[in-house]
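Please treat every number below as a calculation from the coordinates, not as lab data. Just so we're clear, the structure is a prediction, and the values are computed from it rather than from any experiment. Because the Cβ atoms are built from the backbone with ideal geometry, glycine has one as well, and the counts that use them run over all protein chains shown.
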């Protein structure tokens with residue numbers, strides 16, 4: 001195992017498998033990754049809403065990468081262990097006309113600045129919000145040729161905005177290209193399910209990630225093994241299947257179906273028994289509803305009700 005560091009600059013704000021890798025690593029290596037905030041470093045503490053409205057939105061998501069994982073090929077699975085995350089003490093949230101889950105109600109642009117005090121923020125009094133930093137975007141290069149904006153997530157990962165991906169959690173992604181070409185960014189100090197106003201607490205975020213490659217282990221889409229630190233609710237310490245799509249009901253059905261498949265393939269349930277278990281123990285929730293027309297649905301089952309199991313054998 002080797003340890004590497006990767007600075008944020010130069011960032012990129014598209015998925016494009018022709019992008020040259022900025023770092024080459026071996027399976028098992030750890031990388032300390034610097035990520036600027038979702039604005040690409042354009043937002044700063046004290047910025048006015050007028051200044052915010054003038055930022056270059058083609059730089060949104062400003063990802064660090066790509067990282068080439070030696071030996072990765074289409075049909076493999078990439079395991080990303082989130083070892084640690086570190087915020088910089090400040091963040092921001094905004095309202096933009098025409099965006100957000102309640103865009104017809106909240107039309108006036110607004111910019112809110114947060115001060116992050118360790119594991120909490122009291123900036124929005126009288127609320128005290130727990131700080132659980134995670135990367136909103138983690139993904140591999142898409143299978144298609146071309147340059148694609150980062151807002152819509154997909155089977156490759158990307159802009160998942162799943163709040164359970166904090167330190168201690170693990171993300172599994174399918175590989176579509178040689179080297180996998182992993183990139184990440186869009187740090188959030190905190191986020192509710194849905195991310196309804198269009199932002200979590202956006203912030204610069206440094207993360208230490210460990211990468212493991214699993215050969216010939218095709219995945220239909222992202223799977224998360226959530227940490228006990230993820231949240232004080234039923235989706236902490238859980239197996240989570242993530243689906244995205246333009247039809248919310250179809251995405252929820254796909255997530256449920258993939259959870260049935262996971263229970264059958266990894267725990268040996270009969271299909272009908274896996275289906276019944278989902279009905280009595282699975283938490284089906286909206287991770288994000290604002291990247292229209294694509295929404296993200298998470299299906300979670302607590303690890304407390306299942307035998308301990310590795311998703312893949314450690315290579």
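Taking every Cα-Cα distance in the range 129-174 and sorting them into 10 Å bins from zero, the calculated P(r) comes out as 25, 49, 20, 5, 0 percent. Among 185, 136, 221, the residue with the largest mean-square fluctuation in a Gaussian network model of the chain, with springs joining Cα atoms closer than 10 Å, is 221. Its residue count N sets the reference 2.2 N^0.38 Å, and the alpha-carbon radius of gyration of the range 54-138 equals 1.49 times that reference.
Spacing of the modelled spin labels on residue 4 and residue 122, each 7 Å from Cα toward Cβ, amounts to 4.3 nm. In terms of other Cβ atoms within 10 Å, 172, 52 run from fewest to most in the order 52, 172.
For residue 270 and residue 81, a Förster radius of 30 Å and the Cβ-Cβ distance give a FRET efficiency of 0.45, rounded to the nearest 0.05. In terms of surrounding Cβ atoms within a 10 Å radius of their Cβ, 156, 269 rank from fewest to most as 269, 156. The relative contact order of the range 148-241 comes to 35 percent, based on Cα pairs under 8 Å that sit 6 or more residues apart. The reciprocal of the average 1/r between distinct C-alpha atoms defines the Kirkwood hydrodynamic radius, which for the chain equals 19.6 Å.
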